[in-house]
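Presented below is the structure to which this report refers.
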Amino acid sequence: MTGIVLLGIVTAKTFRATRGHTLHMPLAMLTIARVTRGTFHDFVPLHAQVIALDTTYLDALEGGRVERILAQAGDAVVAGQPLVELSNTELELDVLDREGRLIESITQLQAYQTQLEQNRINNQKALAQIDYNIVRLSRSLGRRTQLAAKGLEPVETRETVQDELDYDSKLQPLQAQSNQKQEELRLRQLPQIQSQIEKLQEDLRITHGKLDNLTVRAPVSGLLTALDLKAGENRNRGERFAEITPNTGYKLSAAVDEYYLRRVRTGRSAAVEVGDKTYHAAVTRLYPQVKDGTFSVDLAFDQQTPAGLLPGQTVQGKLSLGEDTTGLLLPAGAFLERTGGDWVFVLGSDRASAQRRRIKIGRRNADQVEILGGLRPGDEVITSDYTGLEGIERIELGR
């Protein structure tokens with residue numbers, strides 16, 4: 001076929017130079033198709049890739065030397081299962097140092113907490129002692145007053161007791177006020193101290209957990225993929241170790257020619273061939289960005305996901321763009337790349353020549369072109385490559 005196309009190009013260039021808008025070409029070099037009335041199947045072929053619905057990336061929370069590899073790509077793993085064991089001496093020393101400093105800080109806060117409680121008890125004891133002194137001195141003063149009145153005890157002794165009682169009576173409200181203020185301060189400090197202790201304990205747990213991170217575990221259950229590690233190599237923090245595909249199913253991702261961008265929308269159905277069975281899917285997402293002449297769509301299977309699918313697998317199918325309709329049809333061909341469906345060469349009834357004719361096309365798929373004007377049933381059209389024929393009006397066909 002390639003040889004025919006190249007020969008056609010050379011012939012076209014040769015005859016254009018000699019005959020202007022008319023060209024002589026052997027009929028056997030060309031592909032001829034007949035215009036017929038039939039059913040137009042409104043679809044676009046799909047070349048889709050199987051992609052997991054969900055993918056969990058497994059990254060190194062801490063760097064280190066790979067000591068043991070406990071699972072391989074393709075293994076089914078469960079959440080929490082150890083996959084890789086690392087060692088990191090520098091991290092271990094850093095954790096020990098940080099743990100020591102955190103424990104020291106926690107101990108200091110707890111000691112301060114204890115001191116506040118001890119101060120509260122001492123203040124209550126001091127106030128209780130003053131209250132006791134007032135009661136004791138009041139009783140003693142009463143007795144000594146009676147004895148002094150009878151001349152049985154010196155007045156100076158009664159006055160001494162009176163002075164002590166007056167002192168404690170003045171001291172009592174001061175001690176009570178001091179106790180109240182210190183208690184209010186203690187009650188404000190206690191929640192703050194407790195909060196700091198809890199924060200330090202959480203930091204201690206996280207710090208110790210850094211050592212646990214040296215054992216890389218599966219965050220979810222699923223199929224382990226893309227694991228590429230070797231024992232003895234060093235890996236940095238944040239490096240990707242592998243991927244895990246949870247058992248949540250698969251979707252399809254396909255690139256579609258930009259020509260169909262305005263006609264593809266979510267909900268469009270597709271028939272996909274997997275093995276010897278056909279499965280139905282539907283467009284769930286459309287990415288309108290055009291790259292290299294195509295745009296991307298995601299499709300999800302309507303019901304049961306085919307068994308045995310693997311990420312990256314390629315499947316073939318057809319994406320429906322509308323209902324099947326009856327109309328005038330022309331087989332698709334290479335001519336569309338040059339003309340865009342605006343014009344074709346139509347053979348005469350004697351098949352001795354082909355005349356350039358403007359036409360109007362509608363929808364098209366990989367096999368058919370819908371003819372809206374310019375052609376009639378039974379017309380024969382050259383559908384092979386039109387490279388070099390852009391300026392030709394008539395082709396003389398030879399045997």
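A short reminder: the numbers here are calculations on the coordinates, not readings from a lab. Small disclaimer: the values here were computed from a predicted structure and weren't measured. As a convention, Cβ positions derive from the backbone with ideal geometry for all residues, glycine included, and neighbour counts pool all protein chains shown.
For T387 and L61, what does the FRET efficiency come to when R0 = 41 Å and r is the distance between their Cβ atoms, rounded to the nearest 0.05? The value I calculate is 0.10. Cross-link check: pairs K291/K360; K230/K291; K199/K230; K251/K291; K230/K318; K125/K199 evaluated at a Cα-Cα cut-off of 32 Å; pairs beyond the cut-off: K230/K291; K199/K230; K230/K318; K125/K199. Test of understanding: extend the Cα→C-beta vector of T145 to 7 Å, then name every residue of region 151-179 with backbone N under 19 Å from that spot. Residues 151-170 qualify, since their backbone N sits under 19 Å from the label point.
Mean-square fluctuations from a GNM of the chain, with a 10 angstrom spring cutoff on Cα atoms, peak among D131, D94, D257 at D131. Simple spin-label estimate for R34 and S296 gives 4.5 nm between the two label positions (7 Å along the Cα-to-Cβ direction from each Cα). Between I193 and H208, the contour length at 0.36 nm per residue exceeds the Cα-Cα span by 3.2 nm. Each residue, D342 and A111, gets one label point 7 Å from its Cα in the Cβ direction; the gap between the two is 9.1 nm. Here region 289-307 and region 80-138 have alpha carbon centers that stand 61 Å from each other. Each eigenvalue of the Cα gyration tensor of region 240-309, multiplied by 5 and square-rooted, gives one semi-axis; in descending order these are 23, 18, 11 Å. Taking Cβ atoms as reference points and 15 Å as the exclusive limit, the residues near L211 contribute a net charge of -4, counting Lys and Arg as +1 and Asp and Glu as -1. Each Lys and Arg contributes +1 and each Asp and Glu -1, all at the Cβ; summed about the Cα centre of the chain, the dipole is approximately 1640 debye.
The smallest convex shape that holds all Cα atoms of region 206-325, its convex hull, gives 185 Å³ per residue.
Computed log10 I(q)/I(0) for the chain at 0.12 Å⁻¹: -1.05, from the Debye equation with unit scatterers placed on every C-alpha and solvent omitted. For q values of 0.15, 0.25, 0.29 Å⁻¹, compute log₁₀ I(q)/I(0) with the Debye formula on a Cα-only model of region 135-187, without solvent. Taken in order of the listed q values, log10 I(q)/I(0) reads -0.52, -0.87, -1.01.
For region 148-238, what is the charge dipole size about the Cα centre, in debye to the nearest 20, if Lys and Arg each add +1 at the Cβ and Asp and Glu each add -1 at the Cβ? Each step should come with its number before you reach the end.
Numbers: 13 positive and 15 negative charges, 209 e Å.
Taking the Cα centre of region 148-238 as origin, the dipole is about 1000 debye.
Ranking T387, N179, G267 by Cα position along the charge dipole of the chain, where only Lys, Arg, Asp and Glu carry charges on their C-beta atoms, puts T387 farthest toward the positive end. Placing unit charges on the Cβ atoms only, positive for Lys and Arg and negative for Asp and Glu, gives region 90-212 a dipole magnitude near 920 debye about its Cα centre. Write out the trypsin sites (Lys or Arg not before Pro) in region 172-265 meeting two conditions: DSSP loop, and at most 15 other Cβ atoms within 10 Å of their Cβ. In loop regions of region 172-265 (DSSP not H, G, I, E or B), the sparsely surrounded trypsin sites (Lys or Arg not before Pro) are K230, R237, R262, R263, R265.
Quick one: net charge around T160, please, counting Lys, Arg +1 and Asp, Glu -1 for every other residue with C-beta under 12 Å from its C-beta. Taking every other residue near T160 into account, the sum is -4. Only DSSP H runs of four or more residues enter the estimate; each adds -39500 (n - 2.57), and after division by the residues of the chain the mean residue ellipticity at 222 nm equals -13000 deg cm²/dmol. Once the C-beta distance of L70 and E104 is scaled by a Förster radius of 51 Å, the resulting FRET efficiency is 0.90 to the nearest 0.05.
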